[in-house]
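See structure below.
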Amino acid sequence: VDIAVDKNKVVWNKTPGKHIKKYIIYRESTLANQFDSIGSVPADSLPIFIDATANTQARSYKYRIQIEDMCGNRSGLSPVHQTLHLSANQGTNNDVNLSWNPYEGLLFSSYNILRSHRGSPFNRIGSTPSANLGFTDVNAPLGSKAYLIEVALPFGCTPDTNAASITSIFSNLINLGAGVGNDELNLSQVKLEAYPNPTTGV
């Protein structure tokens, strides 16, 4: 997920060859293993496709890519890549329970759990093996929090030879509102009175 726009971003390395016309992007429909074309990218363009119709907050998505040459011949579909969809709920003692679906597409060894507190930069607060799909942020700090799941790739993808390799895959961004501590609860119960009543204008 490209968290800057909250949309799925499909990225690939170009296939060497002078006769490629375009790359066709497919997304799994509401039927399992049925993939429909959702757009294409010309071979001479940057190999990046933004899926503007995907709702990253609702679910994960599966994608495949196909090559079409100048004569209209098409290759087979690429292996499936499935995005990460993160969900969160508030537990007891201000714990935050995180769960996500497995990422599918490339080999990797672990998931990194990232947290931002009150708008601070994201920091890693934990990791789990690639077979684990859950994590609890025990006694999470009070205040607004945001979470991401990261897959760090041992071998990055380089869609642009003039740019750095893409070495991380991210889930959707989860924002949680401010937590309420005991002091804030006590303050909310204080009765306030204003004088003079009615006011004299000051």
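Per-structure values
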read-out	value
Single unsatisfied condition, Gly72 versus (1) part of a loop (DSSP other than H, G, I, E, B); (2) touching a residue at least 60 places away in the same chain (Cβ under 8 Å)	(2)
Qualifying position, being in a strand (DSSP E or B) and either more than 14 Å from the chain's Cα centre (by Cα) or hydroxyl-bearing (Ser, Thr, Tyr) (or both), among Ser60, Ser78, Ser40, Ser45	Ser40
Only one of Ala164, Ala194 that is assigned to a loop (DSSP other than H, G, I, E, B), modelled with pLDDT under 90 and within 23 Å of the chain's Cα centre (by Cα)	Ala164
Tally of residues being part of a loop (DSSP other than H, G, I, E, B) and in contact with a strand residue (DSSP E or B) (Cβ under 8 Å, 6 or more places away or on another chain) across region 23-32	1
Test: Ser75 is under 22 Å from Ile169 (Cβ atoms) and open to solvent by 30 Å² or more (accessible area, probe 1.4 Å)	no
The lone exception for Gln66 - which of (1) open to solvent by 60 Å² or more (accessible area, probe 1.4 Å); (2) under 22 Å from Trp12 (Cβ atoms); (3) not in a loop (DSSP other than H, G, I, E, B) it fails	(1)
Failed item in (1) at pLDDT 90 or above; (2) in contact with a helix residue (DSSP H, G or I) (Cβ under 8 Å, 6 or more places away or on another chain), with Gly179 passing the rest	(1)
Some residue of region 10-22 being part of a loop (DSSP other than H, G, I, E, B), in contact with a Pro (Cβ under 7 Å, 6 or more places away or on another chain), closer than 21 Å to Ser171 by Cα and open to solvent by less than 70 Å² (accessible area, probe 1.4 Å)	yes
Every residue from region 40-63 that is closer than 27 Å to Ile149 by Cβ, surrounded by fewer than 16 Cβ atoms within 10 Å (Cβ to Cβ) and small (Gly, Ala, Ser)	Ala52, Ala58
Of all residues in region 89-101 being touching a Ser or Thr at 6+ places or on another chain (Cβ under 8 Å) and in a strand (DSSP E or B), the one that is nearest to Asp6 (Cα to Cα)	Trp100
Tally of residues being open to solvent by 50 Å² or more (accessible area, probe 1.4 Å) and free of Cβ contacts under 8 Å to residues at least 12 places away in the same chain across region 80-136	5
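The values are calculated or read from the model by the stated rules, or taken from the named source; none is laboratory data. All values derive from a computational prediction rather than experimental measurement. Virtual Cβ from ideal backbone geometry, glycine too; neighbours counted across all protein chains shown. What goes into the accessible areas is simple: the full protein's heavy atoms, side chains included, and nothing from ligands, DNA or RNA. Shrake-Rupley method; radii C 1.70, N 1.55, O 1.52, S 1.80 Å.
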